[in-house]
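Right, one structure below, let's go through it.
FYI, it's all coordinate maths here, none of it is from the lab. This structure is a prediction, so every number in the text was calculated from the model and none was measured. No Cβ is skipped: glycine too gets one built from the backbone with ideal geometry, and neighbour counts run over all protein chains shown.
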Amino acid sequence: MVSRKRSRAPPFICVIDHKIEAVDQLAPAARVARRPSIGDVFPTTSETAPRASAAAADDEDELEEVEVVPVRPSLSVAIAGFAALLAVGLVFGAQTAGPGSARIPYAIVIFGVQLLFVLAWTMAIRPPALPVVAGVCAVAALLADMVAVWPQSATVVPLLYVSIGAFAVAVLSQLVRAPDRARAKDSIGSTLLIVVGVVSFASLVVLGREPLGTQTIFVCLAATGVSLIVARLTDAVLAWPRLAPQVPRGAAGVVFGAMAGTLTAAVIGSYVVGFTPTSAAIAGLVAASLGALADLAVGYAEAGRQMAGEPPTMWIARHMQGPLGGFALAAPAAYTMCVLFLT
């Protein structure tokens, strides 16, 4: 008899069979596991609603944490008094302007105001190489007054040359030391603002030599002074509505100040030779508005520096900065209106 031998599969086939059986046994367990859905990648509205509400709550908490700077009435009154002193000095000092050496007394008054401007603005802004920048600005103020007094014809062109030269020297002085060089790029605008502001006061000396210059100084600077005084006194009584929580100023003060300055200019124009109430009101409106806006912009700049974490500076310099900036902007505006529109 021929014995039949049972055939066996090769060993490697048996190994494969065992592995397949093991996979079949694990497959149900794998099927039980939850497959990733589109909701894992793109959450549904019901899932995102709690997250959005939580984010909104966090934003509300951050808004509630913004500190509202209180208005100090006594400080507002003191700043108004300083603005009044500046207005009196600049307006009545212009009455000494005239031909020849009679221009020098008014130039001395202007130089004193320029030194106050340099002190207040450099201490408040703190540009790189602060002592050098302050010294350059003081020299620029002296040179600007000299070139405003000496030439036979009244012109502001030499003042432009002084501004360009002083700005170039101030920027170069900030590039000498490495710590100052690192901040020089970010402080170019503030350095230019200080230089132009201190030189702009010399335009009043040039304006005093124009045919209607003295009258224009009287109208425009009186309007600017009244605008600053009324704005600050209004803030002391009613600083509303608040323009920003960090700025202790109100919109009512700015509006009332500009209106009061315009009215003052119109009244002065009805008595001053060469002006009418209408022309004086227009000139006063421009000067008073620019002065009030410059004063307000200084408040915003100071609030921005405090929010950026910069160290506080001398308090008297901070509070002198606004009125000085207002008159620094009103001075070239008065010269422009006198030369282009009134003569």
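Note the full-extension length gain between LYS185 and THR336 as 0.36 nm times their separation in residues minus their Cα-Cα distance, in nm to one decimal.
The span from LYS185 to THR336 would gain 51.2 nm if fully extended.
Sort segment 83-342 into rounded, prolate or oblate with this rule: let a ≥ b ≥ c be the square roots of the eigenvalues of the Cα gyration tensor; rounded if a/c is under 1.5, and if a/c is not under 1.5, prolate when a/b is larger than b/c, oblate otherwise.
Taking the square roots of the gyration eigenvalues as a ≥ b ≥ c, segment 83-342 is oblate.
Between LEU85 and ALA297, what is the label-point separation in nm under the 7 Å Cα-to-beta-carbon projection?
2.5 nm
Between segment 270-343 and segment 68-98, what is the separation of their alpha carbon centroids in Å?
Between the Cα centre of segment 270-343 and that of segment 68-98, the gap is 12 Å.
When N counts the residues of segment 225-315, how does its alpha-carbon radius of gyration compare numerically with 2.2 N^0.38 Å, as a ratio?
So the Cα radius of gyration is 1.28 times the expected 2.2 N^0.38 Å.
Find how much the distance from GLN152 to VAL273 grows on full extension, using 0.36 nm per residue of separation minus their present alpha carbon separation; answer in nm with one decimal.
That pair, GLN152 and VAL273, stretches by 41.1 nm at full extension.
Measuring from label point to label point, each 7 Å out along Cα→Cβ, what is the LEU192 to SER74 span in nm?
Distance between label points: 4.1 nm.
Taking the Cα centre of segment 83-342 as the origin, how large is its charge dipole in debye, to the nearest 20, when only Lys and Arg (+1) and Asp and Glu (-1) carry charge on their Cβ atoms?
That gives a dipole near 340 debye.
Using r as the Cβ-Cβ distance of LEU160 and PHE92, and R0 as 41 Å, what FRET efficiency do you calculate, to the nearest 0.05?
With R0 = 41 Å, the Cβ-Cβ based efficiency is 0.90.
Taking amide hydrogens as modeled 1.01 Å from N in the peptide plane, which residues meet the under 5 Å criterion relative to LEU243, leaving out close sequence neighbours?
It is ARG249, ALA251, by chain and number.
Quick one: pull the percentage of alpha-carbon pairs in segment 128-249 with a separation above 25 Å.
Tail fraction, whole percent: 47.
Quote the FRET efficiency, to the nearest 0.05, computed for ALA252 versus LEU172 with a Förster distance R0 of 51 Å and r equal to the Cβ-Cβ distance.
0.70
Given VAL286, ALA265, LEU160, which one lies farthest toward the positive end of the charge dipole of segment 83-342, if we put +1 on the Cβ of every Lys and Arg and -1 on the Cβ of every Asp and Glu?
LEU160
For segment 221-249 and segment 136-171, what is the centre-to-centre distance using only Cα atoms, to the nearest Å?
33 Å
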